[in-house]
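Participant: Got a structure here, written out as structure tokens. Questions coming.
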Amino acid sequence: MTDTAPDLQPDVLANFQFEIYGQGLAGEPPSLPISMAALQERAREVLSPEAFGYVAGGAGAERTMHANLEAFERWKIVPRMLRDVSVRHLNVSVLGTPMAAPLMLAPVGVQSIIHPEAELAAARAAAAHGVPFILSTAASRSIEQVAEAMGQGSRWYQLYWPNDRELATSFVSRAERAGYEAIVVTLDTWLLGWRPRDLQCAYLPFLKGEGVANYFSDPVFRAALARTPEEDPAAAIGHWAYQFANPSVTWDDLGWLREQTRLPIVLKGIQHADDARRALDAGVDGLIVSNHGGRQVDGAIGALDALPSVRAAVGGELPVLFDSGIRTGADVFKALSLGADAVCLGRPFVWGLAAGGQAGVEHVLRCLLAEFDLTLSLSGYANVGEVSADAITSSG
């Protein structure tokens, strides 16, 4: 892995808008929507109702999904004037992973229901723009396939902790051998949440053999089967169901995981200050404030509302990332202002994948990075490290 982020000058990020205007002079408006809302509608047009509902939906009445977006509305940017922002510095490094900007692609599973190239297309797009990619355990392409597709691109591995510790060790070891730079343990999905859109369609893609590539390719998983997944896919899916749900994991198990890998361990799903302090005491290396995009607990706190207290609980002792609700460059700015070291982008890149494959994901990244660069500079900041709570105000 490289020690520095790719040489993507900030003015190039911002000037994506002039590239678009220049193409307009030649009568070539963008082939993909610029706004994330319009891109979502484009994705709706090309996806099956079941696939669209799986990505777009949330738990229960989807109040937590709405809370995630509403939390951003309550914070307003306060631009500062007469500051030299002619040269900006967006590069950051989190746990030794270099980033062209404080942005990662969040772990999103089952991408084969979105596009035939699935995670390979999204991973290539991330690598092309210096954006680290977090691969889900529930991926449609294996740990090794995604690593090969990314080349030298930075990548983390997200672990859904299985029932079998030997299988968990195998997943982590495979990721380490394949050049992943951190292990992200998702804490909020020991069981699947109540998701009415999926239930109405009676649709769970894993039961159709989607999103199980890491399981079916794993030697420990395969050794537990009487016949291979290729010979008896139904039995393999049944074993997947047994392995996936594991609500017995507690704080005491983190010490065991620490013994299995030399990679940094990041906990995803922290929303309470007490949990943040307990994570610090447990010796983990980083946190991601997230409510799984509102997909697990209906009526829960908006993720952005949880961010300040989590940051205050750990101070500067741990990197804190943010996930759940990022839609625009302004959202990135607000999350940094409230204490995030970087953010994770989820649903928007999936809509780009649906609409245009790798090129669609790259379109989303270029739009978001350009908007963030412009928001940063027009708010009076030349360096992401300068952004703090002074840059925003609450509207109540």
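Participant: Rounded to the nearest 10 degrees, what's the angle between the helix 303-314 long axis and the longest principal axis of the chain, both from Cα atoms, 0 to 90?
Facilitator: Result, in degrees: 90.
Participant: In the chain, what % of DSSP beta bridges are antiparallel (nearest 5)?
Facilitator: The antiparallel fraction comes to roughly 20 percent.
Participant: With the convex hull built on the Cα atoms of region 259-396, state its orientation-averaged projected area in nm².
Facilitator: Average projection, Cα convex hull of region 259-396: 10.2 nm².
Participant: Out of residues 5 or more away from Val184 or on other chains, whose amide H comes under 5 Å of its own, with H placed 1.01 Å from N in the peptide plane?
Facilitator: Tyr157, Gln158, Leu159, Val266
Participant: By how many degrees, 0 to 90 and rounded to 10, does the Cα axis of helix 63-73 deviate from the longest principal axis of the chain?
Facilitator: 20 degrees
Participant: Which residues' amide hydrogens lie under 5 Å from the amide hydrogen of Trp75, considering only partners 5 or more residues apart or on another chain, with H built in the peptide plane?
Facilitator: Ser395
Participant: Out of the GluC sites (Glu not before Pro) in region 283-382, which ones are loop residues according to DSSP with at most 11 other C-beta atoms within 10 Å?
Facilitator: Sparse-neighbourhood loop GluC sites (Glu not before Pro): Glu317.
Participant: Starting from the exponent 0.38 and prefactor 2.2 Å, build the expected Rg for region 14-116 from its residue count and divide its actual Cα Rg by it.
Facilitator: After normalising by residue count via 2.2 N^0.38 Å, the value is 1.46.
Participant: Can I ask one more? Taking a cut-off of 17 Å between Cα atoms, list the lysines near Lys76, but don't count ones fewer than 8 places away on the same chain.
Facilitator: Lys334
Participant: As a test of the formula, what do you get for the chain when each DSSP H run with n ≥ 4 contributes -39,500 (n - 2.57) and the sum is divided by the residue count, at 222 nm and rounded to the nearest 500 deg cm²/dmol?
Facilitator: It comes out at -13000 deg cm²/dmol, rounded to the nearest 500.
Participant: Output ³J(HN,Hα) for region 389-396: one whole-Hz value per residue in order, computed from phi by the Karplus curve 6.51 cos²θ - 1.76 cosθ + 1.60 with θ = phi - 60°, and x for Gly and Pro.
Facilitator: Per-residue couplings from phi come out as 4, 5, 7, 9, 9, 8, 9, x Hz.
Participant: For percent of Cα pairs over 37 Å apart, the choices are (i) 37; (ii) 17; (iii) 26; which was calculated from the structure?
Facilitator: It is the value labelled (ii).
Participant: Express in whole angstrom the spacing between the alpha-carbon centres of region 162-229 and region 14-52.
Facilitator: First find each Cα centre; the distance between them is then 33 Å.
Participant: Apply the Karplus parameterisation 6.51 cos²θ - 1.76 cosθ + 1.60, with θ equal to phi minus 60°, to every residue of region 347-353 and state each ³J(HN,Hα) to the nearest whole Hz, in sequence, with x for glycine and proline.
Facilitator: In residue order, the calculated couplings are 3, x, 5, 5, 5, x, 4 Hz.
Participant: State to the nearest 20 debye the size of the charge dipole of region 178-318 about its Cα centre, where the only charges are +1 on K and R beta carbons and -1 on D and E beta carbons.
Facilitator: Rounded to the nearest 20 debye, it is 200 debye.
Participant: Further, regarding this structure: So with the 1.4 Å probe, I'd like the accessible area per residue for region 247-396, rounded to whole Å².
Facilitator: Computed with neighbouring chains in place, this is 33 Å² per residue.
Participant: Let me ask another. Hey, what do the phi angles of region 213-220 turn into as Karplus ³J(HN,Hα) couplings, whole Hz, using 6.51/-1.76/1.60 and θ = phi - 60°, x for Gly and Pro?
Facilitator: Each residue of region 213-220 in turn: 4, 5, 6, 5, 8, 8, x, 5 Hz.
Participant: Another question, then. Cross-link candidates for Lys268: which aspartates and glutamates have Cα within less than 13 Å, leaving aside residues fewer than 8 places away along the same chain?
Facilitator: Asp188, Asp285, Asp323
Participant: Additional query: Between region 301-333 and region 86-142, how far is it from one alpha carbon centroid to the other, in angstrom?
Facilitator: Region 301-333 and region 86-142 have Cα centres spaced 19 Å from each other.
Participant: Please identify, among Pro348, Pro196, Pro29, the residue showing maximal mean-square fluctuation in a Gaussian network model of the chain using a 10 angstrom Cα cutoff.
Facilitator: In this elastic network of the chain, the residue with the biggest mean-square fluctuation among Pro348, Pro196, Pro29 is Pro29.
Participant: Restricting attention to region 35-82, which trypsin sites (Lys or Arg not before Pro) occupy a DSSP loop and are surrounded by at most 16 other Cβ atoms within 10 Å?
Facilitator: Arg74, Arg80
Participant: Taking amide H positions as placed in the peptide plane 1.01 Å from N, state which residues far from Leu103 in sequence (5 or more) or on other chains have amide H under 5 Å from it.
Facilitator: For Leu103, whose amide H was placed from the backbone, the distant partners under 5 Å are Val343.
The values are calculated or read from the model by the stated rules, or taken from the named source; none is laboratory data. If you're wondering where the values come from, they're calculated on a predicted model, not measured in any experiment. Note that each Cβ is placed from the backbone with ideal geometry, even for glycine, and that neighbours are counted across all protein chains shown. Surface areas here come from the heavy atoms of the whole protein model, side chains and all, with no ligands, DNA or RNA. Shrake-Rupley method; radii C 1.70, N 1.55, O 1.52, S 1.80 Å.
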